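A short write-up of the structure that comes next.
The values are calculated or read from the model by the stated rules, or taken from the named source; none is laboratory data. None of these values were measured; they are calculated from a predicted model. Cβ placement follows ideal geometry from the backbone for every residue including glycine, while neighbour counts extend to all protein chains displayed. SASA here: full protein model, heavy atoms, side chains in, ligands and nucleic acids out. Shrake-Rupley method; radii C 1.70, N 1.55, O 1.52, S 1.80 Å.
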Amino acid sequence: MQTLNADVLIVGAGIIGASAAYFLSRQGKRVLLCDAGQSGTKASGVNFGGVRRQGRPLVQMPLAARSHVLWSRLSELIGIDGEYIRSGHLKVAFTPGDLERLKQYNAMVATCGLDLQLLDDADVRRRYPWLGPELAGASLCPEDGHANPRLVSPALAWAAQQAGAVLMEHCRITRSHFDGTHFVSDTADGRRIRSACLVNAAGAWAGTIAQMFGDAVPLGEIYPQMGVTEPLPPIMNVVVGVQGGGLYARQVARGNIIFGGSRARSVDPGFARPSHQSVSLLLTRLAGLIPGIANASVIRFWSGVEGATPDLNPILGASATIPGLFHGFGYSGAGFQVGLASGEVLAQLIVSGASPIPIDAFRIDRFAADSGKLHTPSSHAGKRNTDEISISK
Ligand SMILES: Cc1cc2nc3c(=O)[nH]c(=O)nc-3n(C[C@H](O)[C@H](O)[C@H](O)COP(=O)(O)OP(=O)(O)OC[C@H]3O[C@@H](n4cnc5c(N)ncnc54)[C@H](O)[C@@H]3O)c2cc1C
């Protein structure tokens, strides 16, 4: 059996694993970045592309703020602009009650640097005449925006390689244990990897890796439903989300409008497909929000698989059981924006033993009392009804 040695083995080359690989390699660590498939093709490559801080819980703000800085340096980090645009993110309210909730949120995050602007219904009609007439108001975050995940996430894995990481694609980790000094991990194609540290960035599949070390977590799966229209004349000058969830949309430079907000379904564990119900729900909501595109042709629908935790916050930090083991997963539909900073945090934990960003709210052992729902890889027991979770973008 071939044995490979590394300072750090990273399981999963999505945005979290690739970012960790990038920052670790830049600091001289020998990194093996393994993916069961191809880098950046799971959640990190198929997501909506929303790069937004608005709407996140307060505990995520320091991480989102650091990512905001890293996104501003995206071209320097990954060598391409990734179609990243700070278009602004507009969260609309259909009812006075929802507008009140936006006001409360804005007050809660007032010191977080989002510069949120509350707009009444007249402001919204004047500034965004392409939105439907039924709105009570909105909140604008001028520096939030969007990017192309199909470009950004694989390019980050490429940048990690340029920095010295070794990327091993089609390399599934099937077994791993800690022998007292090192992690010994076996791959499906018969190789063995010895590493001083191990980063579990396996996305929706990370519960299986965590469980190999006794770090059981109640990780569920969600399948956000996505669609894209034919190219249309420029109409949207901002990314739009809805208070309370249910719809989000953005228009790219080529004219296509990308949208999401309902939930697809899982056909097999680890795979998701659009459903008639999720597609028709989404189309109805889209025509209500942007009436001018009600007759546009939709050229593609898709979905993806994302790991979700009960409190919708990620698991980010050291293992509760094994020294040298670190987790970064469970982003619950919102890991694209915070992905860059999450990888940096994982690298800082490994290199210096501490994170300059508060991550206590993301400890893996915060669910210890929730033992009834712990992830069981074979039974899919952590899976939740996808409609229970309304992620507001
Ligand atoms: C449809 C959709 C829309 C979304 N929209 C947004 C959005 O607009 N904004 C936002 O911020 N977030 C969004 N998200 C969430 C965001 O995409 C994810 O939180 C983020 O990409 C998670 O990154 P990851 O690296 O943890 O996971 P992934 O990208 O899923 O990567 C995990 C990788 O681990 C690999 N892997 C798994 N098991 C093993 C193993 N045993 N051995 C080796 N490799 C393994 C997989 O092959 C995979 O490539 C969305 C997600 C989806 C699915």
Item checked: Per-q log10 I(q)/I(0), region 65-184, q = 0.12 Å⁻¹ (Debye; single scatterer per alpha-carbon; no solvent) -> -0.68
Next item on the list: Would you kindly find the accessible area of K29, with a 1.4 Å probe and non-protein molecules such as ligands, DNA and RNA excluded, rounding to the nearest 10 Å²?
Entry: 70 Å²
Margin query: Give the aspartates and glutamates reachable from K103 as a straight Cα distance under 17 Å; neighbours fewer than 8 places away on the same chain don't count.
Written below: D115, D120, D121, D123
Margin query: Could you compute how much accessible surface V298 exposes when probed at 1.4 Å, giving the result in Å² to the nearest 10?
Written below: 50 Å²
Next item on the list: List the aspartates and glutamates whose Cα lies under 14 Å from the Cα of K29, skipping any in the same chain that are fewer than 8 positions away.
Entry: D7, E344
Item checked: Radius 15 Å from Cβ of D35, net charge of other residues (Lys, Arg +1; Asp, Glu -1) -> +1
Notebook entry, point to check: Is it possible to state the helix-based mean residue ellipticity at 222 nm for the chain, with each DSSP H run of 4+ residues giving -39500 (n - 2.57), the sum divided by total residues, to the nearest 500 deg cm²/dmol? What is it?
Noted result: -8000 deg cm²/dmol
Next item on the list: For V228, tell me the accessible area in Å² from a 1.4 Å probe, rounded to the nearest 10.
Entry: 10 Å²
Checklist line | Spin-label pair I299/A354, simplified geometry with 7 Å Cα→Cβ offset, distance in nm | finding: 5.2 nm
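Net charge near G317: determine it from the other residues with C-beta under 10 Å of the C-beta of G317, scoring Lys and Arg +1 and Asp and Glu -1.
-1
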Next item on the list: Return one whole number: the accessible area per residue of the chain in Å², for a 1.4 Å probe.
Entry: 40 Å²
Item checked: Full-stretch length increase - V228, V69 - with 0.36 nm per residue and alpha-carbon distance subtracted -> 54.4 nm
Notebook entry, point to check: For the residue pair A287 and L118, what label-to-label distance in nm results when each label sits 7 Å from Cα along the Cα-to-beta-carbon direction?
Noted result: 3.5 nm
Notebook entry, point to check: Averaged over all directions, how much area does the convex hull of the C-alpha atoms of the chain cover when projected, in nm²?
Noted result: 18.2 nm²
Notebook entry, point to check: Of Q38, Q251, G97, whose Cα points farthest to the positive end of the dipole of the chain (charges on the beta-carbon: +1 Lys, Arg; -1 Asp, Glu; origin at the Cα centre)?
Noted result: Q38
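Explain nothing, just the number: relative contact order of region 150-268, from Cα pairs under 8 Å at least 6 residues apart, as a whole percent. It would help to have the intermediate numbers written out before the result.
On the way: 151 pairs, mean separation 18.0, N = 119.
Taking the mean separation of contacting Cα pairs over the length of region 150-268, I get 15 percent.
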Next item on the list: Starting from the Kirkwood radius over alpha-carbon pairs of region 1-153, derive D by Stokes-Einstein at 25 °C in a medium of 0.890 mPa s and give it in µm² s⁻¹.
Entry: 138 µm²/s
Next item on the list: Pop out the ³J(HN,Hα) list for region 313-329 in order, Karplus 6.51 cos²θ - 1.76 cosθ + 1.60 with θ = phi - 60°, rounded to Hz; leave Gly and Pro as x.
Entry: 9, x, 9, 9, x, 6, 4, 7, 10, 10, x, x, 9, 10, 10, x, 7
Check: Assuming R0 = 25 Å, what is the FRET efficiency of D186 and D268, from their Cβ-Cβ distance, to the nearest 0.05?
Finding: 0.55
Notebook entry, point to check: Under a 5 Å amide H to amide H cut-off, with H placed in plane at 1.01 Å, what residues pair with L247 once short-range neighbours are removed?
Noted result: V242, K393
Notebook entry, point to check: What does the charge count near D179 come to, summing +1 for each Lys or Arg and -1 for each Asp or Glu among other residues with Cβ under 14 Å from its Cβ?
Noted result: +2
Notebook entry, point to check: Taking all protein chains as present, what is the carbon and sulfur share of the accessible area of region 165-283, in % to the nearest whole number, probe 1.4 Å?
Noted result: 54 percent
Check: If you rank E83, E134 by how much accessible surface each has, with a 1.4 Å probe, what is the order from largest down?
Finding: E134, E83
